[in-house]
There are 2 protein chains.
Amino acid sequence: MKDMEDATSLIARMGEAARAASVELAVAPAECKRAALIAAAGAIRAATDTILAANARDLDFGRDKGLSDAMIDRLRLDADRLRGIEDGLRDVAEQRDPVGEVVAEWDRPNGLHIRRVRTPIGVIGVIYESRPNVTADAGALALKSGNAVILRGGSESLHSSGAIHDCMVQGLRQAGLPEAAIQLVPTRDRAAVSAMLQAQGLIDVIIPRGGKGLVGLVQREARVPVFAHLEGICHVYVDRDADPDKARRVVMNAKTRRTGICGAAECLLIDRAADPELRAALIADLVAAGVEVRAEGELADLPGTVAARPDDFGREFLDMVMAARLVDGVEDAIAHIRRFGSQHTESILTENDATAQRFMAGLESAILMHNASTQFADGGEFGMGAEIGIATGKMHARGPVGAEQLTSFKYLVSGDGAIRG
Amino acid sequence: MKDMEDATSLIARMGEAARAASVELAVAPAECKRAALIAAAGAIRAATDTILAANARDLDFGRDKGLSDAMIDRLRLDADRLRGIEDGLRDVAEQRDPVGEVVAEWDRPNGLHIRRVRTPIGVIGVIYESRPNVTADAGALALKSGNAVILRGGSESLHSSGAIHDCMVQGLRQAGLPEAAIQLVPTRDRAAVSAMLQAQGLIDVIIPRGGKGLVGLVQREARVPVFAHLEGICHVYVDRDADPDKARRVVMNAKTRRTGICGAAECLLIDRAADPELRAALIADLVAAGVEVRAEGELADLPGTVAARPDDFGREFLDMVMAARLVDGVEDAIAHIRRFGSQHTESILTENDATAQRFMAGLESAILMHNASTQFADGGEFGMGAEIGIATGKMHARGPVGAEQLTSFKYLVSGDGAIRG
C-alpha cells in the first residue's frame with residue numbers, strides 16, 4: 001500500500017512535469033527537435049564506455065536473477081548495437097516532422113475555411129521490457145511527434161536505460177528543449193507500472209511492449225487509453241490456386257527469416273484442395289530447414305512432422321516451430337484465423353484475385369498480405385520510417401506505429417466574422 | 001450484486017450477437033445498408049401513432065419522476081420531430097459509404113503495393129440520456145459505417161426509444177441485414193451501463209452522451225475505449241486587433257443563437273488593450289439581448305452586469321448566462337482557456353493573423369475558430385454530414401463524430417511472391 005502511494009505520487013510528479021513540457025513541445029520548431037535528436041546521437045557515441053559499463057551491471061543482475069539466454073541476449077549492448085541506436089536517432093531526426101501538417105482542407109458554403117492539422121497527442125507512456133534500445137527509439141519518436149514521454153523500461157535494463165536516457169536529456173538540453181520531454185521512471189518498483197496505467201489526466205495514451213504478463217496487467221488495470229500490442233500470431237494460408245514456387249518461397253521466408261519478431265508466421269494453413277505435391281513440398285521445406293512442424297490430421301503423416309496439440313493453434317512460438325493444419329478453402333481459413341489469430345498480420349498465397357479479395361475483406365487483422373511474406377510487417381518496409389511496434393487494436397493507430405501515428409489532430413476554422421444562421 | 005450479474009450476462013449475450021452481426025455488416029454492400037436506412041425511415045412514418053403513444057407513456061413517467069421542463073422538452077416527440085428523425089435517416093442513407101474507401105495507397109521498392117482502407121470498428125456502445133432521437137441517429141451512423149451497435153438510452157425514454165428501435169429493426173429485416181446490427185438495451189437498470197463500460201472484447205468503443213454524472217461514471221468504470229464527450233465550455237476571445245463589427249456580431253451569435261447546444265459560448269474574454277468602447281458595446285449587446293453577464297473586475301462596473309463568482313469560469317451554463325473577464329492579450333487568453341476550458345471549441349476575434357496563429361497553435365481544443373462563431377461546431381456545418389456529437393478526447397476521433405469517424409482501417413498489401421531479404 002505504501003509502495004502504491006509512493007508510486008502514484010512519483011508518477012503524478014513526472015506526469016505534471018511531462019504535461020508542462022508537452023505545452024512547449026507542441027510549438028517547438030521542427031529544426032529544434034531535429035537538433036535535439038542529432039545531439040543525442042552524438043552523446044551516445046561519446047558515452048559508449050559509460051553505457052557499456054552500465055549494461056555490464058545489468059547483465060550481472062540479469063544472470064543473478066536467472067534470466068534465459070534469449071533474455072540476456074535482448075538485454076546485451078555492444079559497440080554494434082550502440083551504433084544501431086545512434087543511427088536510429090539520426091534516421092528519426094531526418095524524417096519529415098508530422099506536427100502542423102495539414103491533413104485535409106476545404107471551404108464551406110457558410111464562408112468558413114476548415115483545415116484539419118496534425119497535433120501532438122500530449123503525454124505518452126511507454127512500458128517495455130528488457131531491450132534497452134527502446135529507451136532511445138521510443139524517446140525519439142515521441143519527441144519527433146511533439147509529445148512528452150514517460151518511459152518505464154524493464155527492471156533488468158535499469159542502468160543501461162538510465163545511461164541512454166542521460167544522452168537523450170543531453171540532446172534536449174543542447175537544443176534548448178525542456179528536459180522533462182523525455183523522462184525515465186527511476187525505480188524497479190512494479191507499482192510504478194500500475195500507477196502509469198491509472199494516470200488519467202496525466203498520461204494521454206499508454207504503449208505497452210511486452211509479453212503476456214504485461215498484456216494482462218494492462219487489460220485489468222488500464223484507465224488510460226492504450227495502443228494495444230497483442231502477440232503476433234501470424235498465419236499463412238496456401239490456397240488451391242496458389243503458385244507453387246511463390247508459395248514455397250513465401251512460407252519459408254515467413255517462418256524462418258527471423259523467428260523472434262512479431263511478424264514471423266506461426267501457423268500454416270493449407271487448402272485441402274491444393275495439389276498434394278505442393279502440400280508435401282511445403283512441409284518438407286520447413287522440416288529440411290530445421291523447423292519443428294506441429295501438424296494436424298493427414299499432415300501429421302508427412303515425414304519429419306510431429307503431432308500438433310490443440311494449444312499449438314493460436315500460439316506465438318517466436319521460434320523454429322510452426323503449427324500446420326488443412327482447411328477447406330478460404331472460408332475455413334478465415335474461420336480458423338478469426339478464432340485463433342491476434343489481428344496482427346496474415347498472408348494468402350493464391351493467383352485467384354477473387355479469393356484474395358475475400359480473404360482480405362473477411363479478416364480484421366491490421367495487415368493482410370497477398371502473395372507476400374508476413375515478415376514485411378514493419379514500419380521501415382512499409383516506408384513509414386521508424387516505429388515503436390505494430391498495434392493490433394482498432395482505435396486510433398494500428399499496424400506500424402511511427403511518429404505520424406503518435407499524433408492527434410485539431411480543426412482550424414477561419415471566417416470573416418461568420419455567424420451561424 | 002444480483003443486478004450486476006444479470007446485467008453482465010445480458011450485455012454478454014447482446015455483445016455476442018452484435019459481434020456476429022458485425023462480421024456480416026463488415027462486408028455488407030453499401031446499397032444494402034442504404035436500403036435498410038430508407039426502409040427504417042418509411043417504418044418511422046408508418047408507426048407515427050405507435051411512437052407518439054409510447055412517448056406519451058414516457059412523458060407521464062418523466063412527470064411522475066419530477067423531470068425539469070427542459071428535460072421533459074428533450075424527451076417530447078411530436079409529428080415535426082418525428083419528421084426530423086425520418087429526414088435524418090434518409091440523409092445518412094444518401095451519404096457516401098466510408099467502408100472500403102482507400103485512404104492512402106503507395107508502392108514500395110521491395111515490390112509491395114500497400115493500401116490503407118477504411119474498415120468498421122466492430123461493435124459500438126452508445127450510452128445516452130433523454131433524447132429518444134439518438135436511437136435513430138446513432139443507429140443510422142453505426143450502420144452506415146458497418147458497425148453493430150448496442151444502444152442504451154435514458155431510462156425516461158425507454159418506450160419511445162423502443163418504438164423507434166422497432167422501426168430500425170424493420171429496416172434491417174427488409175434489407176436482409178442481421179437484426180442484431182442495432183440492439184437496444186431493454187432495461188432501466190443502471191447496472192447495464194456499468195456492464196457495457198466493462199465489456200472488454202465484446203464492445204470495441206463506447207460513446208457516452210450525457211451530463212456530469214455519466215462522464216464521472218465513465219471515468220471511474222470504463223475498461224473499453226471511450227470517445228470522450230466532455231462539456232462544451234467554449235470561449236470567445238476578443239483581441240485588441242479585433243474588427244469591432246465582426247466581434248459584436250460573432251459574440252452575440254456565439255452566445256445567443258442557441259444556448260442549449262455544446263457549441264454555445266460560455267465565457268467572453270476581452271483583451272484589456274481593446275478599445276474601451278468596444279468593451280462596453282460587447283457587454284451592452286449581451287445585456288440588451290437578455291443575457292445575464294457575470295463579469296469580473298472592471299467589467300463588473302458596466303451597466304446590467306452581475307459580479308462573477310469564481311466558479312462561473314469553467315462552467316457550462318447552457319442558458320442565457322455568460323461569464324466575462326478581461327485578459328492581458330492572447331497569451332493570457334490561452335492561459336485562461338487552458339485552465340478553464342474543456343478542449344471543445346474556442347474562437348478568436350482579431351484582424352492580426354500572427355495573433356490568430358498563436359491562439360490556434362497554443363491551444364489543444366478540438367476546434368479553433370478565427371473570426372467565426374463557436375456555434376459552427378457541428379458536423380453538418382463542417383460538411384461532414386450527420387454526427388453523433390463532438391468528441392473532445394485526443395484519441396482516434398475528435399471534433400464532429402460522423403460515419404467516417406466511426407471507422408478504423410487496415411493495410412492491404414500485395415506482392416508477387418515477395419519475400420523479405
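From the P(r) of segment B:309-419, can you give the percent of Cα pairs sitting at distances over 19 Å? Cα-Cα pairs in segment B:309-419 separated by more than 19 Å: 57 percent.
Counting Lys and Arg as +1 and Asp and Glu as -1 over every other residue whose Cβ lies under 9 Å from the Cβ of residue A:228, the net charge comes to +2. Taking both sides together, the accessible area buried where A meets B is about 6000 Å² for a 1.4 Å probe. Annotation for residue B:174, label-to-label distances across the other copies: 7.0 nm (shortest first, one decimal, point 7 Å from Cα along Cα→Cβ). Compute the Cα gyration tensor for segment B:1-80, then decide on rounded, prolate or oblate, letting a ≥ b ≥ c be the square roots of its eigenvalues: rounded whenever a/c is under 1.5, prolate when a/b is larger than b/c in the other cases, and oblate in all that remain. Oblate shape, in that a/c is at least 1.5 and b/c is the bigger or equal ratio. Between residue A:272 and residue B:64, the C-beta separation translates, for a Förster distance of 56 Å, into a calculated FRET efficiency of about 0.30. Step by step: find N for chain A, compute 2.2 N^0.38 Å, then divide the Cα radius of gyration by it. What's the final number? It is 1.09. Measuring from the axis that maps chain B onto chain A, the chain B residue with the nearest beta carbon and its rounded distance in angstrom come out as B:396, 2.
Both the radius of gyration and Dmax for the protein assembly as shown are 28.5, 95 Å, in that order, over alpha-carbon atoms.
Carbon-plus-sulfur accessible fraction, chain B (probe radius 1.4 Å, protein heavy atoms only): 49%. Per residue of the protein assembly as shown, the DSSP helices (runs of n ≥ 4 H) give a summed -39500 (n - 2.57) that works out to -13500 deg cm²/dmol at 222 nm. By the Cα gyration tensor, segment B:284-323 has an equivalent ellipsoid whose semi-axes, rounded to whole angstrom, run 15, 14, 5 from largest to smallest. Once the Kirkwood radius over Cα pairs is known for segment B:234-382, the Stokes-Einstein relation at 10 °C and 1.306 mPa s delivers a diffusion coefficient of 108 µm²/s.
Take each residue of peptide B:340-351, count the partner chain Cβ atoms within 10 Å of its Cβ, and average: the result is 1. At a probe radius of 1.4 angstrom, the accessible area of segment A:234-381 per residue rounds to 36 square angstrom.
For the residue pairs A:255/B:410; A:410/B:255; A:65/A:394; B:33/B:394; A:65/B:410; A:33/B:246, the C-alpha atoms sit more than 32 angstrom apart in A:65/A:394; A:65/B:410; A:33/B:246. Taking Lys and Arg as +1 and Asp and Glu as -1, the other residues whose beta-carbon sits under 12 Å from that of residue A:263 total -3. Considering all different alpha carbon pairs of segment B:129-223, the Kirkwood hydrodynamic radius works out to 13.8 Å. Taking the label point 7 Å along Cα→Cβ, residue A:83 and its counterparts in the other copies are spaced 7.7 nm apart, in ascending order. Backbone phi angles across segment B:268-276, fed through the Karplus curve with coefficients 6.51, -1.76 and 1.60 (θ = phi - 60°), yield HN-Hα couplings of 9, 10, 10, 4, 4, 8, 6, 3, x Hz in residue order; Gly and Pro are listed as x.
If you bin all the Cα-Cα distances of segment B:82-170 at 5 Å, starting from zero, the percentages per bin are 3, 13, 19, 19, 15, 9, 7, 5, 4, 3, 2, 1.
When you restrict to C-alpha pairs under 8 Å that are six or more residues apart and normalise by the size of segment A:234-381, the relative contact order lands at 33 percent. Net charge in the neighbourhood of residue B:156 (other residues with Cβ under 15 Å of its Cβ; Lys, Arg +1, Asp, Glu -1) is +3. Peptide B:386-396 has a mean shielding of 3, counted as Cβ atoms of other protein chains within 10 Å of each residue's Cβ. Peptide B:360-371 shows a mean partner chain C-beta count of 6 within 10 Å per residue C-beta.
With every protein chain in place and a 1.4 angstrom probe, the accessible-area ranking of A:16, A:266, largest first, reads A:16, A:266.
Ascending distances from the residue A:329 label point to its copies in the other chains, with the point 7 Å along the Cα-to-beta-carbon line: 7.3 nm. Kindly provide log₁₀ I(q)/I(0) values, in the same order as q = 0.14, 0.16, 0.21 Å⁻¹, from the Debye equation applied to equal alpha-carbon scatterers of segment B:183-254. Calculated log10 I(q)/I(0) at the listed q: -0.58, -0.65, -0.90. Would you mind classifying segment B:333-382 by shape? Square roots of the alpha carbon gyration tensor eigenvalues, ordered a ≥ b ≥ c; an a/c under 1.5 is rounded, otherwise it is prolate if a/b is larger than b/c and oblate if not. Verdict is oblate for segment B:333-382. Phi angles across segment A:25-35 convert, under the Karplus curve 6.51 cos²θ - 1.76 cosθ + 1.60 with θ = phi - 60°, into 3J(HN,Hα) values of 4, 4, 10, 5, x, 3, 4, 5, 5, 4, 4 Hz, Gly and Pro given as x.
The values are calculated or read from the model by the stated rules, or taken from the named source; none is laboratory data. Computed from a prediction, not measured in an experiment: that's the story for all the values here. Cβ: placed from backbone, ideal geometry, glycine included. Neighbour counts: every protein chain shown. Please note that ligands, DNA and RNA were not included when accessible areas were found on the heavy atoms of the full protein model with its side chains. Shrake-Rupley method; radii C 1.70, N 1.55, O 1.52, S 1.80 Å.
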